[in-house]
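In what follows, a structure is listed as structure tokens, so that the remarks can point back to it.
The values are calculated or read from the model by the stated rules, or taken from the named source; none is laboratory data. It should be emphasised that the depicted structure is a prediction, and the values quoted were computed from it without experimental measurement. Virtual Cβ from ideal backbone geometry, glycine too; neighbours counted across all protein chains shown. Quick note on the areas: whole protein, heavy atoms, side chains included, nothing else; ligands and nucleic acids left out. Shrake-Rupley method; radii C 1.70, N 1.55, O 1.52, S 1.80 Å.
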Amino acid sequence: MTRNHNVEMIELCLLIGRIMLQNGAETYRVEDTMTRIAASYGKEDAQSFVTPTGIFFSVSKIEPSKLVRVSDRSTNLNKVTLANDISRNITGGRLTLAEAREQLTEIDTAGSKYDYKMRTQIAAASLASGCFSIMFQGNWYDFLPACISGGIGFIVLLLLHRLFEIKFFAEFLASLCIGTLAFTFMSFGVGHETDKIIIGSVMPLVPGLLITNAVRDLMAGHLVSGLSKGAEAFLTAFAIGGGVAIAFSIF
Amino acid sequence: MIAEQFFTSFIASAAFGVIFQAPRNTLLKCGLVGSIGWVIYILFVESNIDAVTGTFVASFVIAMIGQFFARLYKTPVIVFSVAGIIPLVPGGLAYDAMRNFVQNDYGQALPIAAKVFMISGAIAIGLVLSEVMNQVFKKMRKRELWR
């Protein structure tokens, strides 16, 4: 195996690892995928160490290891699925290195080509908000106010997140907006219980998935990624609680 | 009552599939997994069994169905487990705890925060247990255990 081939293989592993991690795959799955691909190219003792903010990858004991920094993370399960299909094809021997890299680069640079449109997402968020207010024993009178404030809160989150990098403030302002809207609805006599409206509408923002993933990672022995996901979840919960609390103290 | 809960949790889980950009052909399955889990949880709560136990059983069932679907449709299991878990996640409670904390009502906040921790622990144990059982089945089928 030539030196050049080796470098290409390492680049491929790092690319697929970065795509999966950035789009919300679990850390153990990323590690597993990278070492499996390396093994399918004959590198049985490749090592990968994945944290939510970076990937270390070393293909053998004598070669230098490589590092990729991952600074922005979101959840895009479609891209995770596509990358997973490609890794399955690589380990099954149905894809060459060059083909695999081409397909992965396309996924990576596709932007929002595979994504749902923004208005679909907003509609989904507002529908989910309404349904959650019912699921938490709310009254059907709360359904529509929860839909509206949840949808508007989600729009605020998306727009502010594009405006500045710091997620904490986007979440804070979005939940402030939700709280204000819920109280405004109540003061006009729309809705039954403020609490149910607010709980339903903050659900699209809530870091529920992060909390669960953090505990799961800790149990599986991935202590670094468990603690960092836990910290991220705590910050998000704090932002949401703070935003709503300010709305409470105003009204 | 149960039908209403089934319906709303189906829509909520499928909608979360959209928010998390799950592949289009999995959305209905995401909704189904989510509503099965939520109905199990509601049945436990309504028969006055502890919410933590209900969450544990529901998340175990969700993960089992998720793994079955993952193998059937050759999709990563996270697509189904994420959407299925979403209704169970103590998001409302986490919000409640935080709201009490920032309003300086620590006495109310601490027990709720402990409950959030217990419930997310129950979800994680349910997920991990189904994964462990999956591995055991796989190894027993390959006779690796008895070598």
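In table form, for the structure just shown:
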{"item": "Residue mean of other protein chain beta carbons inside 10 Å, B:110-118", "result": "1"}
{"item": "Chain A: angle of helix A:167-187 to the longest principal axis, Cα-based, in degrees nearest 10", "result": "20 degrees"}
{"item": "Helix axis angle, A:3-22 relative to chain A longest principal axis, alpha carbon, degrees", "result": "10 degrees"}
{"item": "Accessible-area order (highest first, 1.4 angstrom probe) of the listed residues A:L159, B:L129, A:L12, B:L28", "result": "B:L28, A:L159, B:L129, A:L12"}
{"item": "Ranked packing of B:45-57, B:130-142, A:83-95, A:48-60, most packed first, by mean Cβ within 10 Å", "result": "A:48-60, A:83-95, B:45-57, B:130-142"}
{"item": "Chain A, helix-only ellipticity at 222 nm - DSSP H runs n ≥ 4, -39,500 (n - 2.57), divided by all residues, nearest 500", "result": "-23000 deg cm²/dmol"}
{"item": "Heavy-atom accessible area per residue - segment A:1-160, 1.4 Å, Å²", "result": "47 Å²"}
{"item": "Cα gyration tensor, segment A:96-251 - rounded (a/c under 1.5), prolate or oblate", "result": "prolate"}
{"item": "Cα gyration tensor shape of segment A:20-83, rounded if a/c is under 1.5, else prolate or oblate by comparing a/b with b/c", "result": "oblate"}
{"item": "Per-residue [θ]222 nm for chain B (sum of -39500 (n - 2.57) over DSSP H runs n ≥ 4, rounded to 500)", "result": "-27500 deg cm²/dmol"}
{"item": "Heavy-atom SASA rank of A:V190, B:V39 (probe 1.4 Å, accessible area, largest first)", "result": "A:V190, B:V39"}
{"item": "Number of partner chain Cβ atoms within 10 Å, mean per residue of B:3-15", "result": "5"}
{"item": "Probe 1.4 Å - accessible area at A:D32, Å² to nearest ten", "result": "70 Å²"}
{"item": "Cα gyration tensor, segment A:56-103 - rounded (a/c under 1.5), prolate or oblate", "result": "oblate"}
{"item": "Number of partner chain Cβ atoms within 10 Å, mean per residue of B:70-80", "result": "4"}
{"item": "Taking chain A and dividing mean pair separation by its residue count, relative contact order in percent (alpha carbons under 8 Å, at least six apart)", "result": "16 percent"}
{"item": "Heavy-atom SASA rank of A:L144, A:L181 (probe 1.4 Å, accessible area, largest first)", "result": "A:L144, A:L181"}
{"item": "Amide hydrogen neighbours beyond the local backbone of A:T53, cut-off 5 Å, H modeled", "result": "none"}
{"item": "Residue-by-residue Karplus 3J(HN,Hα) for segment A:137-146, coefficients 6.51, -1.76, 1.60, Hz, glycine and proline x", "result": "6, x, 8, 5, 5, 7, 4, 5, x, 5"}
{"item": "Karplus 3J(HN,Hα) series, Hz, for segment A:29-45 with 6.51 cos²θ - 1.76 cosθ + 1.60 (x for Gly, Pro)", "result": "5, 5, 4, 4, 4, 5, 5, 5, 4, 4, 5, 6, 9, x, 9, 6, 9"}
{"item": "Residue-wise HN-Hα coupling along segment B:24-36, computed from phi with Karplus coefficients 6.51, -1.76, 1.60 (Hz; x: Gly, Pro)", "result": "4, 6, 9, 4, 5, 5, 4, x, 4, 4, x, 6, 4"}
{"item": "Residues whose placed amide H lies under 5 Å from that of A:N76, excluding near-sequence neighbours", "result": "A:G24"}
